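The values are calculated or read from the model by the stated rules, or taken from the named source; none is laboratory data. Treat the numbers as computed from the prediction; the structure is a model and nothing was measured. All Cβ positions, even for glycine, are placed from backbone atoms using ideal geometry, and neighbour counts span all protein chains on display.
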Amino acid sequence: MIGPDITGIADTLGIAADTATATAQLAAETGLDVDTAYAVQTALVQRRLDRGERLVGLKMGLTSKAKMAQVGVDEVIWGRLTDAMRVPDGGPVDVTNFIHPRVEPEVAFLLDRLPEPGEPVGDFTGAVRAVAPAIELIDSRYANFTFSLPDVIADNTSAGAFVIGPWSAVPDGLDNLGVLLEIDGRLAQVGSTAAILGDPRRALDEGIRLAGRHGVRLREGWIFLAGAATAAVPLRAGVHVRAVVEKLGVASLRASS
Ligand code: 0L1
Ligand code: MG
């Protein structure tokens, strides 16, 4: 039996991202399941690596009930981050490069020594060198921000851009820190790091396990976006966004056009 056209689907999604033009969902029509969707994601990210981008880490997606409810998908997923997706803290993001960008407050880890896939992290402070507040800009390449589970996995879990705030040493507890998302100084979302799988440290165990299933091993020096603590908020040109995480500080961006 001939399977889905992995390269063809990756090209469709890559062109949608490069031209900031939404495409129709593809999974049902092409018979994508979760495993082949991760193969599409690999091919989609390879298009970026072929034009000189570097893999700098992984992100977890749908790690909170709020995010799962927002998009109607109920499984934790993971995607890849490249250097070109990184925006300097406080820096500009041109919204015209995206289709329907949204922002969400996250916690980021700077990875150190890591266990093999399947092994629990155990000594978290040995595995993680530093922690930071972060903002993820997500942008589904599908029309109306609507997709199935294989669709969103193939689309590199809607990864668009990310901002990392100041790194600091791992604090004693990460499991119940207050999180705010502010747009132009107004409160847009309130949450807690508890919304990230109960504790963002758990997201690292899940990331190692889930990526390991697809032969991907996390590396020392990589960034790991553990997931959002709240639902995502649409990003419009001209606004200033701040993600504030108790004990960790602030990450921010300015949206331009
Ligand atoms: O980072 C995320 O939680 C996004 C995962 C994909 C679903 C979405 O686009 O909201
Ligand atoms: Mg996210």
Residues satisfying the stated conditions in the stretch 190-220, i.e. of a type in the set (Val, Ile, Thr) and assigned to a loop (DSSP other than H, G, I, E, B)
ILE196, VAL216
Before we move on, is GLY118 in a helix (DSSP H, G or I), under 22 Å from VAL34 (Cα atoms) and at pLDDT below 95?
no
Would you please name the residue that is farthest from ligand 1 (Cβ to nearest atom), looking only at residues in the stretch 141-175 that are touching a residue at least 24 places away in the same chain (Cβ under 8 Å), among the acidic types (Asp, Glu) and assigned to a loop (DSSP other than H, G, I, E, B)?
ASP175
Counting only residues in the stretch 2-29 that are more than 22 Å from the chain's Cα centre (by Cα), not in a loop (DSSP other than H, G, I, E, B) and not β-branched (Val, Ile, Thr), the one modelled with the highest pLDDT is identified as GLY8
Test GLU75 against the stated conditions and say whether it is touching a residue at least 60 places away in the same chain (Cβ under 8 Å) and over 24 Å from VAL250 (Cα atoms).
yes
For the stretch 131-160, how many residues meet the condition of being within 11 Å of ligand 2 (Cβ to nearest atom) and of a type in the set (A, V, I, L, M, F, W, C)?
5
Checking the conditions here, which among ILE6, ILE2, ILE99 is more than 26 Å from LEU204 (Cβ to Cβ), surrounded by fewer than 16 Cβ atoms within 10 Å (Cβ to Cβ) and more than 16 Å from ligand 2 (Cβ to nearest atom)?
ILE2
Which one is farthest from GLY3 (Cα to Cα), of the residues in the stretch 40-60 that are out of contact with any Asp or Glu (no Cβ under 9 Å at 6 or more places or on another chain) and crowded, with 20+ Cβ neighbours inside 10 Å?
GLY57
From the residues in the stretch 60-82 that are in contact with a strand residue (DSSP E or B) (Cβ under 8 Å, 6 or more places away or on another chain) and not hydrophobic (A, V, I, L, M, F, W, C), which one is farthest from ligand 1 (Cβ to nearest atom)?
THR82
Considering LEU49, LEU44, LEU32, which residue is at pLDDT 95 or above, in a loop (DSSP other than H, G, I, E, B) and away from ligand 1 (no atom under 12 Å from the Cβ)?
LEU32
Taking the residues in the stretch 61-115 that are hydroxyl-bearing (Ser, Thr, Tyr) and either assigned to a loop (DSSP other than H, G, I, E, B) or touching a helix residue (DSSP H, G or I) at 6+ places or on another chain (Cβ under 6 Å) (or both) as candidates, determine which candidate is farthest from ALA194 (Cα to Cα).
THR82
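Each row is one residue, and each column tells you yes or no for (1) of a type in the set (A, V, I, L, M, F, W, C); (2) out of contact with any Asp or Glu (no Cβ under 9 Å at 6 or more places or on another chain).
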position	(1), (2)
ASN156	no, yes
ALA161	yes, no
ALA169	yes, yes
GLY173	no, no
ILE183	yes, yes
SER192	no, no
LEU197	yes, no
Could you go through the stretch 184-193 and let me know if any residue there is of a type in the set (Gly, Ala, Ser), under 25 Å from GLU75 (Cβ atoms) and modelled with pLDDT under 95.
no
Assess whether ALA251 counts as being among the small types (Gly, Ala, Ser) and within 16 Å of ligand 2 (Cβ to nearest atom).
yes
